[in-house]
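Below is one structure, written out as structure tokens, with a few remarks after it.
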Amino acid sequence: MLRLPAGKSGVLPNQYLDQAIAAGVIDAGAFKIPAANVQPASLDLRLGEVAYRIRCSFLPDRSTVEAKVADYIIDELDLHRGGAVLETNRPYLIPLKERLALPPEVRGRANPKSSTGRLDVFTRVITDRSYRFDEIAAGYEGPLYLEVVPLSFPIRVREDLTLNQLRLSVGRSELTDEELREFHGSEPLLYAGGEAVPPAQLAVADGLFLSLDLRGDTSGRVGYRARDHAPLLDLTHGRPLDPDTFWEAVTREGGERVVLTPQRFYLLLSEESVTIPPGLAAEMTAYDPTSGELRTHYAGFFDPGFGYDPDGVFRGSRAALEVRAHDVPFMIEHGQRVCKLTFERMLEEPTSLYGQGIGSNYQQQQGTLGKHFAAAASP
């Protein structure tokens with residue numbers, strides 16, 4: 001049994017995720033879950049042995065995913081050994097190796113890993129008898145499936161790759177705006193220019209807003225844009241790729257602004273630096289229709305320890321933002337608020353933190369490109 005502290009609410013930290021695996025709450029059958037896949041407040045989910053190319057996305061509603069997808073399968077791809085190529089703008093459904101048997105009080109949520117979002121690979125988890133993506137009902141018992149749609153680059157994937165993460169929580173874990181301001185007043189969450197943002201200057205509305213850095217470097221470069229008709233992006237080997245093959249630099253216009261080309265994918269940076277202390281976890285929200293023809297940040301989870309330094313040597317890490325304009329060219333300006341972080345309490349502080357010897361890739365990041373690419377100059 002998974003033993004949770006009575007009367008407490010929050011996100012399950014790594015030590016409880018380890019307990020959940022040992023108790024069979026998270027199980028992979030004959031496939032052992034690697035210890036390295038357990039993060040401070042989330043679990044990396046692994047691709048299974050096959051991928052189904054499907055004619056359309058769907059939700060199972062009152063059915064199981066297995067029963068529902070049978071009508072939509074076009075092809076079956078073997079993910080063993082060398083893996084398989086997933087083409088752009090085509091949906092694929094991949095059974096994940098992990099399955100769940102959640103206690104009645106425990107619910108789940110899934111999000112793409114940061115490296116997945118930075119590749120413009122759209123992913124979301126589907127569960128049986130569900131009418132929502134990425135939301136896993138309390139007490140859910142059954143398999144997990146991942147819908148994968150590469151948007152900018154064709155990608156090669158194989159069994160055991162991790163594109164998504166799972167977070168489990170119990171009770172009311174979200175911080176209200178009032179609680180968020182109070183927490184920031186005692187332990188800063190957001191920095192600008194190396195100094196904590198004054199509480200009166202925080203932009204808060206069901207979360208903490210972040211703004212864009214469109215000053216960039218001395219040459220005016222502010223980020224990158226995915227190239228059209230790029231070659232295959234192979235995720236099955238660890239060799240760093242040449243970024244120039246896949247990305248072109250984006251430079252600001254006069255007035256510290258950029259006009260986004262519709263349907264093109266951009267990687268930019270936040271103006272502020274974020275710190276997630278050990279007692280909190282955060283998630284970047286994907287889209288707010290009140291902000292216009294714009295979608296920001298496809299990848300969501302920020303684990304405890306991101307941008308956090310108890311010794312104060314550094315103050316926060318900037319967030320990489322994945323941005324796309326939809327139907328019309330869209331102008332963005334330096335300092336424009338385009339996305340927000342929502343915060344949750346941890347059930348307990350994790351025994352390991354992001355960036356502290358666990359192979360974290362984006363602590364103190366000054367650039368936007370993901371771990372798959374050879375190091376490039378900031379941003």
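The values are calculated or read from the model by the stated rules, or taken from the named source; none is laboratory data. In this text, all values refer to a predicted model and were calculated from it rather than measured experimentally. Ideal geometry is used to build each Cβ from the backbone, glycine not excepted, and the neighbour counts take in all protein chains shown.
The residue pairs whose first member lies in region 65-86 and is touching a residue at least 24 places away in the same chain (Cβ under 8 Å) and surrounded by 11 or more Cβ atoms within 10 Å (Cβ to Cβ), whose second member is polar (S, T, N, Q) and part of a strand (DSSP E or B), and whose beta carbons are closer than 9 Å, counting only pairs six or more residues apart or on different chains, are V65/T127.
Considering only region 138-150, state which residues are of a type in the set (A, V, I, L, M, F, W, C), surrounded by 17 or more Cβ atoms within 10 Å (Cβ to Cβ) and either out of contact with any Lys or Arg (no Cβ under 8 Å at 6 or more places or on another chain) or part of a loop (DSSP other than H, G, I, E, B) (or both). Give the derivation first.
So in region 138-150, the residues of a type in the set (A, V, I, L, M, F, W, C) come out as 138, 144, 146, 148-149.
So of that shortlist, the ones also surrounded by 17 or more Cβ atoms within 10 Å (Cβ to Cβ) come out as 144, 146, 148-149.
Answer for region 138-150, where residues must be of a type in the set (A, V, I, L, M, F, W, C), surrounded by 17 or more Cβ atoms within 10 Å (Cβ to Cβ) and either out of contact with any Lys or Arg (no Cβ under 8 Å at 6 or more places or on another chain) or part of a loop (DSSP other than H, G, I, E, B) (or both): just V148.
Of all residues in region 253-267, none that is farther than 20 Å from L151 by Cα has its Cβ atom under 7 Å from the Cβ atom of a residue that is surrounded by fewer than 22 Cβ atoms within 10 Å (Cβ to Cβ) and small (G, A, S), 6 or more apart or on another chain. The test for being more than 16 Å from V148 (Cα to Cα) and either modelled with pLDDT of 95 or more or assigned to a strand (DSSP E or B) (or both) holds for E98.
Taken together, the residues in region 16-63 that are polar (S, T, N, Q) and under 26 Å from E87 (Cα atoms) amount to 1. Whether any residue in region 111-120 is surrounded by fewer than 17 Cβ atoms within 10 Å (Cβ to Cβ) and either modelled with pLDDT under 95 or part of a loop (DSSP other than H, G, I, E, B) (or both) is what I want to check. No: zero hits.
Just name the residue that is nearest to D134 (Cα to Cα) out of those in region 23-46 that are out of contact with any Asp or Glu (no Cβ under 9 Å at 6 or more places or on another chain) and of a type in the set (A, V, I, L, M). Among those that are out of contact with any Asp or Glu (no Cβ under 9 Å at 6 or more places or on another chain) and of a type in the set (A, V, I, L, M), it is V25.
In this entry, L100 passes the filter for residues that are over 22 Å from R158 (Cβ atoms), crowded, with 19+ Cβ neighbours inside 10 Å and not aromatic (F, W, Y).
Looking across region 123-137, the residues that are touching a residue at least 60 places away in the same chain (Cβ under 8 Å) and buried (at least 18 other Cβ atoms within 10 Å of the Cβ) come down to V125, I126, T127, D128, S130. Set side by side, the residues R295, R239 differ, and just one is within 28 Å of G108 (Cα to Cα), modelled with pLDDT under 95 and of a type in the set (K, R), which is R295. Strands (runs of 3 or more DSSP E) fully within region 49-89 that include at least 1 residues being assigned by TED's automatic domain parsing to the domain that holds Y140 and charged (D, E, K, R): 50-54, 73-78.
Each residue in region 151-205 was checked for being farther than 30 Å from P5 by Cβ, of a type outside the set (A, V, I, L, M, F, W, C) and not in a strand (DSSP E or B), and 10 of them qualify. Being of a type in the set (G, A, S) and surrounded by fewer than 21 Cβ atoms within 10 Å (Cβ to Cβ) is the filter here; which residues of region 11-42 pass it? Listed by number, the residues that qualify are A22, A23, G24, A28, G29, A30, A35, A36.
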